[in-house]
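These notes concern the structure reproduced below.
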Amino acid sequence: MASPKKKIQIFVVIIGLFFSFLIYKAVESSLVYYLTVSEALAEKSSSKFKRLRVSGIVEEGSIKKNSDGSINFIITDKVKTINVQYKGEVPDIFTDEIEAVVEGELIDTTFIANKLFAKCPTKYEDEAYEESKVSFVK
């Protein structure tokens, strides 16, 4: 018969393995893979990952607002395009030709997004502001 000290050691190892498994499963389920449009459309990518995060440029004139409050638009990486369906809060800066990141699932050729992020432009100053600056250097 095993000594009480040995039983405690076995119990601690089992509890440690159990919690390690729980942490692994939590991290695995929360991972979202960040891909380009071309990578997301590749057959390997869509079957390998359940949830995807895809980045691309919103094509000009592709944003369509639906009567149920959802929007459809197309994102591209200059090589391939994906049709995106999204229902939820639309960022204020979301317009044509802005870089957008969508998170969700790729079903056939349509990306069903449950999150939409619009990347901010790096420069907000316009030409009129630049021309109106007064230079103190002669």
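Only the coordinates and a few stated rules stand behind these numbers; no lab work does. In this text the structure is predicted, and so the values were computed from the model without any measurement. Quick reminder, even Gly has a Cβ in these numbers, built from the backbone with ideal geometry, and neighbours come from all protein chains shown.
Put simply, the amide H of I98, placed in the peptide plane, has neighbours under 5 Å in V58, leaving out anything fewer than 5 places away on its chain. Approximating the spin labels as points 7 Å out from Cα along Cα→Cβ, the N114-to-I63 distance works out to 2.4 nm. Shape analysis of the stretch 32-118 yields a ratio of the Cα radius of gyration to the Kirkwood radius, Rg/Rh, of 0.93.
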